[in-house]
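The values are calculated or read from the model by the stated rules, or taken from the named source; none is laboratory data. These numbers were taken from a predicted model, which means no experiment stands behind them. Quick reminder, even Gly has a Cβ in these numbers, built from the backbone with ideal geometry, and neighbours come from all protein chains shown.
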């Protein structure tokens, strides 16, 4: 992705994974709000269409990130980004209340980040 040249590998990976997670979150959950009255297969087709864009960003993100990050580091990074994208989605798009449990989940993930990125 030529528009990312000059940006450090970690930040290229974070940007692409963040964008891909926005698409994936909508693919996985937006049908619960927007297509709830439609047959499941219509929701599945719509979700697959959205997920295509997720994969168009996620695959290059992982290929770029794998140059400097291990697979476990890529996975934990993706999980941190997923939670960072999911919480605003739940609160602002799905109109569900913010819960203290989100903070506890985030702290657990921060622990995972510490262990997976600490020096050997």
Inset, instruction - Please work out if residue 49 is modelled with pLDDT of 95 or more and over 14 Å from residue 14 (Cβ atoms). - result: yes
Legend entry - helices (runs of 4 or more DSSP H) contained entirely in the range 1-91, each with at least 3 residues that are surrounded by 14 or more Cβ atoms within 10 Å (Cβ to Cβ) and touching a residue at least 12 places away in the same chain (Cβ under 8 Å): 9-25, 40-65, 71-88
